[in-house]
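Asker: After the structure tokens below, expect a handful of questions from me.
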Amino acid sequence: NIQDRTSNPHSTSNQPASIQPTPDPQQEAITPQNIINNPSKSIMSSYDYDLIAIGGGSGGIGCAKRSASHGKKVLCVERDRLGGTCVNVGCVPKKVMWSAAHIADTLKHDMHHYGFEGGKETKLDFAKLKKVRDDYVKRLNGIYGKGFESAGVTGVFGECSFVDAHTVQVTHKDGKKTNYTSDKILIATGGRPHFPPGEGVEEHCISSDGFFDMEELPKVAVVVGAGYIAVELAG
């Protein structure tokens, strides 16, 4: 817009007319609401990532992928295997073991009702069962990794610790340390089984996590507790 001084006969200013650029109707103004609706148009962040999720379990993976779907730059740090408790030492391997136990129970108690014979001579190759189960879990770990790729999430493995409110340090398996910065940091590390106090308890017992590490099936075992995990393992 050109300010026309001739339109004001009383103006005595000798300053030149001020010229202001005409807004381009094709250019969308940057407003807080536009930034919310279009995250990719937000001002460039000074951090490496918009979000860092510490923990590659159900919570960390879900948050990381959902954030990436909204245009955020996301890093997920996991120290062991992707998938968390459910995939690695919970629901998934437990169901494999439950299926094996169900088959064993059917062979022992029910098959003769349906005309089958010879169930008592059937033997379990525990090492083979463990390998098949572990291979299945590894396959799921790989699927989660590919899910990160398709979602645009960066995944790294290593021990993660805080440097400051916006910086974490990851110690990789080769000992190398790398710092990453982020606007937001999510702690989704899950929990661990708690051993009750007592002399020799922790040294001579295993948790539900350790159950899936056993190379041989024990002939005798004592399960302490009566929650659903204890009942399932006992069965």
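The values are calculated or read from the model by the stated rules, or taken from the named source; none is laboratory data. Keep in mind it's a predicted model, so treat the numbers as computed, not measured. As a convention, Cβ positions derive from the backbone with ideal geometry for all residues, glycine included, and neighbour counts pool all protein chains shown. Accessible surface is based on the protein model in full, side chains and every heavy atom, while ligands, DNA and RNA are left aside. Shrake-Rupley method; radii C 1.70, N 1.55, O 1.52, S 1.80 Å.
Asker: Is one or more of the residues making up region 97-110 of a type in the set (S, T, N, Q) and under 18 Å from ASP183 (Cβ atoms)?
Answerer: No, there is no match, as no residue in region 97-110 is of a type in the set (S, T, N, Q) and under 18 Å from ASP183 (Cβ atoms).
Asker: Still on this structure, please answer the following. Regarding region 172-188, can at least one residue be identified that is more than 24 Å from GLY59 (Cα to Cα) and touching an Asp or Glu at 6+ places or on another chain (Cβ under 9 Å)?
Answerer: No, that holds for no residue.
Asker: Only residues that are more than 30 Å from ASN141 (Cα to Cα) and assigned to a loop (DSSP other than H, G, I, E, B): list them for region 86-120, please.
Answerer: Within region 86-120, GLY115, PHE116, GLU117, GLY118 qualify.
Asker: Which of the numbered conditions does LYS123 fail, given that it passes all the others? Conditions: (1) part of a helix (DSSP H, G or I); (2) over 29 Å from GLY56 (Cα atoms); (3) of a type in the set (Lys, Arg).
Answerer: (1)
Asker: All but one of (1) touching a Lys or Arg at 6+ places or on another chain (Cβ under 7 Å); (2) closer than 22 Å to ALA230 by Cα hold for GLY158, so report the exception by its number.
Answerer: Checking GLY158 against (1) touching a Lys or Arg at 6+ places or on another chain (Cβ under 7 Å); (2) closer than 22 Å to ALA230 by Cα, the one that fails is (2).
Asker: Might you check whether a residue that is under 30 Å from PHE162 (Cβ atoms), at pLDDT below 50 and open to solvent by 100 Å² or more (accessible area, probe 1.4 Å) occurs anywhere in region 40-62?
Answerer: Yes, that holds for at least one residue.
Asker: List the residue pairs whose Cβ atoms are under 9 Å apart, where the first residue sits in region 149-161 and is free of Cβ contacts under 8 Å to residues at least 12 places away in the same chain, the second is open to solvent by less than 60 Å² (accessible area, probe 1.4 Å), and the two are 6 or more positions apart or on different chains.
Answerer: GLU149/GLY155; SER161/VAL168; SER161/GLN169; SER161/VAL170; SER161/THR171
Asker: Now for a separate question. Please verify whether region 108-119 includes one or more residues that are charged (D, E, K, R) and open to solvent by 80 Å² or more (accessible area, probe 1.4 Å).
Answerer: yes
Asker: When you scan region 170-235 for helices (runs of 4 or more DSSP H) that lie fully inside it, which ones turn up with 1 or more residues that are open to solvent by less than 50 Å² (accessible area, probe 1.4 Å), more than 16 Å from ALA101 (Cα to Cα) and not hydroxyl-bearing (Ser, Thr, Tyr)?
Answerer: Output list reads 201-204, 208-211.
Asker: Now for a separate question. Condition (residue is among the β-branched types (Val, Ile, Thr), in contact with a Leu (Cβ under 7 Å, 6 or more places away or on another chain) and farther than 19 Å from LEU75 by Cα) applied to region 222-230: is it met by at least one residue?
Answerer: So far as region 222-230 goes, yes, one or more of its residues are among the β-branched types (Val, Ile, Thr), in contact with a Leu (Cβ under 7 Å, 6 or more places away or on another chain) and farther than 19 Å from LEU75 by Cα.
Asker: Here's something else I'd like to know. Criterion first (open to solvent by less than 70 Å² (accessible area, probe 1.4 Å) and of a type outside the set (S, T, N, Q)) does PHE162 satisfy it?
Answerer: So PHE162 does not fit the description; no.
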